[in-house]
Amino acid sequence: MDERAPMEEHLFDEIKRYVDFNAADELRLVALEPRAAPHLPRIVDDFYDHILRHTGARQSISGGHAQVARLKVSLTHWLAGLFQGPWDLGYYERRARIGRVHVAIDLPQQYMFTAVNVIRAHLADVVLSTASPEELRPELHAVDKLLDMELAIMLHTYREDSLHRLRQGERLATFGQLVASIAHELRNPLGVIESSLFLVRKRLDPAPEPVARHFDKIEAQVRLSNRIISSLLDMVRERPAAPREVGADTLCQAAQEAVTAARSTPLTLELRVTPGVLVFADPDQAQQVLVNLLLNAADAAGPSGRVRLTADTRGAFARFLVEDTGPGIAPEVRRRLFEPLVSTKARGIGLGLALCKRLAERNRGSIGLVQAELPGAAFEFLLPLSTGSAE
Amino acid sequence: MSPRGHILVVDDNADLGENLIEILEDAGYRAQLFTDPLEALGKVCPGQYALALLDLRMPGLDGVELFRALRRRDPTLLAVAMTAFAHDDRVREAVDEGMLVVFTKPVEPSGLLGRLEGILATGA
Ligand code: HEM
């Protein structure tokens, strides 16, 4: 066998070369198929029994019996596929796609080892009870090699995902540096405009009417530009949290005022705040998160929609729930919603929710998408309660 | 001699520097601009200025280094800093070195004048 790895070798070829999966193995798998087929339903049942018995693994299957029934059908096909081949790139792609389904639902990758082993043990039994003495070892070997390959493919899909996240993080770091340097560079020309305006105003005081109006406009726009620069810098900078005790009601009211001020169109915002809830968090950062969530909700709800902000407690946490009557979040962006540069809005640059998540975490809280009463999206923002909170 | 003292301005952005001079002169100060920190260092004489207004990021010599060098020549010189980078390491250095205020650019003119007046009146 040629041990050199060609430059463009596909991962699957590399895996096959590594476990030395060859044509003889393929023939043995094909030969094993009719003997394995009758056992597949039993293997599948046992496979899911294992998962459902495991307190951790069970969590990943939230859809009850219907989902298990569906998964059993999928797994039966998957098992049948083991013996059918061809074990080519198409095979790899089909298997990798299933791996990506597991990644997408955040299934912990360590479960894959045990799961594959359940199948390995069953197929070994089939081989041991059906193979001729001289085929016993080679057949066991063929099954082992193939299951190792399956495991390698599954783990590779997890690796793809972490590489993706890593690149995303690097992209943000580079992007953040770029944003910061542009923002800083803009401060200089703005400083010149601002000071020139100051001087012209003094030289022309009082200014005749249309001129004065333009002066006001220039001043307002320069101020706006400065604010945009500051918020951009806020987004890309890691400002540590300065936590203190603050009332959930205070935060909600401040957020409501900020949102009302920031929007040109009116907003139907319903506040449901449980009195006496005290959080321990950086008030500016907490408010920044709430404002961001509310502005998103308002955008999603549209002019005729509604937004509701609820504040209460969940265990040791204060819970802020922001709901809207908008269209909700599309399933395909749900998982990556809090990653930077993933935007659900045509106008967004996709930093808002990523920033919210980081601010929440910096305050030992969390943020997530939940199911709630209103038909649109619902975000749950948790912050640690202050010990002084009323129960 | 102006009753309000002589102010040294060093900023590599000439447009901004000229505006600052104009604002200071309007307020009754005498003020001189250098856009090159090394040139400023070569030309400044001890006792010439009551206060220096220095940009922190400049090519050649940054504001803190310039202040250090000026102060060696004129130990009583008061100084304030300006920077577009509020989170610059130099901001800390500037304060540690004894610069009295660090203004974030864009520097708001009336705020600047108010602070300078206070500093020149009390020396702090
Ligand atoms: C040898 C290991 C495993 C194999 C071969 C396997 C196979 C499959 C297959 C074929 C699908 C269907 C993918 C699709 O086309 O949509 C699937 C989905 C899924 N698997 Fe696995 N699986 C394995 C391990 C696990 C484990 C250990 C768990 C849970 C602890 C799990 C939970 C799920 C869930 C929740 C789904 C998606 C559910 C859905 O679409 O409703 N799997 N798996």
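The values are calculated or read from the model by the stated rules, or taken from the named source; none is laboratory data. Just so it is clear, the model here is predicted, and its values are computed rather than measured. With ideal geometry, Cβ positions are generated from the backbone for all residues, glycine too; neighbour counts draw on all protein chains shown. Each accessible area value is taken on the protein alone, full model and side chains, heavy atoms only, with ligands, DNA and RNA left out. Shrake-Rupley method; radii C 1.70, N 1.55, O 1.52, S 1.80 Å.
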Check your understanding: Given the conditions (1) more than 14 Å from chain A (Cβ to nearest Cβ); (2) buried (at least 22 other Cβ atoms within 10 Å of the Cβ), which single one is not true for B:Pro46?
Key -> (2)
**Study point:** Test result for A:Thr157, buried (at least 16 other Cβ atoms within 10 Å of the Cβ) and farther than 19 Å from A:Gln84 by Cα
**Key:** yes
Point to revise | So A:Phe47, is it assigned by TED's automatic domain parsing to the domain that holds A:Met112 and outside any helix (DSSP H, G or I) | key: no
Check your understanding: Looking at this structure, is A:Tyr158 among the aromatic types (Phe, Trp, Tyr) and within 20 Å of the chain's Cα centre (by Cα)?
Key -> yes
Check your understanding: If the Cβ limit is 8 Å and pairs must be 6+ apart or interchain, which residue in the range A:74-86 that is within 14 Å of chain B (Cβ to nearest Cβ) pairs with which residue that is assigned to a helix (DSSP H, G or I) and more than 8 Å from the ligand (Cβ to nearest atom)?
Key -> none
Check your understanding: Given (1) within 30 Å of A:Met235 (Cβ to Cβ); (2) open to solvent by 20 Å² or more (accessible area, probe 1.4 Å), where does B:Leu16 come up short, assuming only one miss?
Key -> (2)
Exercise for review: Please go through the range A:211-222 and pick out each residue that is of a type outside the set (A, V, I, L, M, F, W, C) and surrounded by 14 or more Cβ atoms within 10 Å (Cβ to Cβ).
Suggested key: A:Glu219
Point to revise | Those residues of the range A:190-199 which are farther than 15 Å from B:Ser110 by Cβ and more than 7 Å from chain B (Cβ to nearest Cβ), in sequence order | key: A:Ile193
Review point. If we scan the range A:281-302, do we find a residue that is touching a residue at least 40 places away in the same chain (Cβ under 8 Å), buried (at least 21 other Cβ atoms within 10 Å of the Cβ) and assigned to a strand (DSSP E or B)?
Key: yes
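Condition check: hydroxyl-bearing (Ser, Thr, Tyr), in contact with a Gly (Cβ under 8 Å, 6 or more places away or on another chain) and not assigned by TED's automatic domain parsing to the domain that holds A:Gln285. Does A:Thr174 satisfy that?
Considered against the rule, which asks whether it is hydroxyl-bearing (Ser, Thr, Tyr), in contact with a Gly (Cβ under 8 Å, 6 or more places away or on another chain) and not assigned by TED's automatic domain parsing to the domain that holds A:Gln285, A:Thr174 comes out as no.
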**Study point:** Which numbered condition A:Val200 misses (of (1) of a type in the set (A, V, I, L, M, F, W, C); (2) at pLDDT 90 or above; (3) within 26 Å of A:Thr313 (Cβ to Cβ); (4) in a helix (DSSP H, G or I))
**Key:** (3)
Revision key, fill the gap. Taking the range B:79-118 and keeping residues facing chain A (nearest Cβ under 9 Å) and either open to solvent by 70 Å² or more (accessible area, probe 1.4 Å) or on the phi > 0 side of the Ramachandran plot (or both) leaves B:His87, B:Glu108
Review point. So, in the range A:227-266, of the ones that are farther than 13 Å from A:Leu290 by Cα and either in contact with a Gly (Cβ under 9 Å, 6 or more places away or on another chain) or assigned to a strand (DSSP E or B) (or both), which residue ends up modelled with the lowest pLDDT?
Key: A:Met235
Review point. Can you spot a residue in the range B:60-78 that is in contact (Cβ under 8 Å) with a residue 12 or more places away in the chain and within 14 Å of chain A (Cβ to nearest Cβ)?
Key: no
**Study point:** the range A:96-107, residues that are near the ligand (Cβ under 8 Å from one of its atoms), open to solvent by less than 90 Å² (accessible area, probe 1.4 Å) and in contact (Cβ under 8 Å) with a residue 12 or more places away in the chain
**Key:** A:Ile98, A:His102, A:Leu107
Check your understanding: Could you list, in sequence order, the residues of the range A:34-72 that are under 29 Å from A:Ala131 (Cβ atoms) and near the ligand (Cβ under 9 Å from one of its atoms)?
Key -> A:Phe47, A:Tyr48, A:His50, A:Ile51
Practice item. From (1) away from the ligand (no atom under 16 Å from the Cβ); (2) closer than 12 Å to A:Ala36 by Cβ, pick out the condition that doesn't hold for A:Val143. Key: (1)
Review point. Would you say A:Arg244 is open to solvent by 70 Å² or more (accessible area, probe 1.4 Å), touching a helix residue (DSSP H, G or I) at 6+ places or on another chain (Cβ under 9 Å) and away from chain B (no Cβ under 14 Å)?
Key: yes
Check your understanding: Looking at the range B:28-59, which of the residues that are touching a residue at least 12 places away in the same chain (Cβ under 8 Å) and of a type in the set (Asp, Glu) is nearest to B:Glu97 (Cα to Cα)?
Key -> B:Asp55
Check your understanding: If you go through the range A:50-69 one residue at a time, how many are part of a helix (DSSP H, G or I) and open to solvent by 30 Å² or more (accessible area, probe 1.4 Å)?
Key -> 11
Revision key, fill the gap. The one condition A:Gly85 fails out of (1) at pLDDT below 95; (2) more than 16 Å from A:Ile119 (Cβ to Cβ); (3) open to solvent by 40 Å² or more (accessible area, probe 1.4 Å); (4) more than 9 Å from the ligand (Cβ to nearest atom) is (3)
Check your understanding: Any idea which residue in the range A:111-135 is nearest to the other protein chains (Cβ to nearest Cβ), counting only those that are of a type in the set (S, T, N, Q), surrounded by 12 or more Cβ atoms within 10 Å (Cβ to Cβ) and more than 8 Å from the ligand (Cβ to nearest atom)?
Key -> A:Asn117
